[in-house]
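Nothing in this text is a laboratory measurement; each read-out follows from the coordinates by a stated rule. Predicted model, so just to flag it, every value in this text is computed and none were measured. We place every Cβ from the backbone using ideal geometry, glycine too, and count neighbours over all the protein chains shown.
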Amino acid sequence: MFAAKVFARLYRSPNSFGPCTKAGETAGGSYPRRAPQPGFVATLLATVFCLGLLGFPEAAHAQTPAGFSNFDDINPKSWLLCSGSCAGGNSPTKIVQNIGIMKPSLDGKSMQLSISGNGGTNNGWYLYSGAQDSLTTFKLDMYFNVPSKAFVQALEFDQFQYLHAGSDGVPTDTRLYFGTQCVIGNANGVGNTWWVWDSSGIGWVDTTKACNFKVSTTAFNHLVISAHRVTGDTSCFGRPCMHYDSISLNGTVVVSNKTTNSGALPTGWAEQTGFMIQLDTTGACSNCTITEYDDKGNFTIN
């Protein structure tokens, strides 16, 4: 929605207006990696909005002390956007985010996410849950519906934690970005596999494990992604490793026990924790629209 788009652009940290790519980070060999960038003002305002202090009671109801329950019911004005170069591609010509969608839904009110544009169009919707320095496990448990796979390059589901030196045992400012995506047609021409993110500069890593989700106008897919770090760990190039414990789709564990590296937190970034959902279009897209519906979404940190 346009209002949400303007809010995100006004209240992101200043360096968000340029490309959000760390040198050497690429996604699938074609899309540069980005991540939401919290400065002090962005962190403060995002926290205020998520707590519902500016008149959005839906967000207050949905935020838990360490995460979000039913995040698909949170007012779109409380979300931030990572679009265009920030999302590793081109800016959409139209971004849609609606809540309270009755059909399709599981509980009578799903969230619709949609982007329109040309080839390589990307957009991520993300929420901050605040600096949760002492918490080490992350879980995204949600249901998603994709009515059509046409022109969908990837469905992305990310969890992240940004720590400053000395916070819970990290020796230097550290970015843990637990990125996961279901790629439909990867760089090698092989379709529907899960990829995980390495924050050290390696970028996306293809697990080669199948991502076979249901495409339907009514049926939802149950996705559960669990990850963790270890307090005081410095075994991945002097920083904590990122452990992808499992990716479960419709009750079947398809990816388990994958480990990648965390990376340096860019200068000026605040401590923060959160998650993001992203849509990417294929290169063949020409004035196309892709859509995803999310329901019963929970983001938990322990």
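Add +1 for every Lys or Arg and -1 for every Asp or Glu among the other residues with Cβ under 14 Å from the Cβ of N257, and state the total.
+1
With a 10 Å Cβ neighbour count serving as the proxy for reagent exposure, in which order, fewest first, do S148, S114, S129 appear?
S148, S114, S129
Order by neighbour count: Y244, Y143, fewest other Cβ atoms within 10 Å first, most last.
Y143, Y244
Just the C-alpha atoms of the stretch 190-234: what Rg/Rh do they give, with Rh taken as the Kirkwood radius?
My calculation of the ratio gives 1.10.
Checking the table K94/K209; K77/K296; K94/K296; K103/K214; K139/K258 against a 27 Å threshold on Cα-Cα, which pairs fail?
K94/K209
Which ordering of D206, D295 is given by a fewest-first count of other beta-carbon atoms within 10 Å?
So the residues, fewest neighbours to most, are D206, D295.
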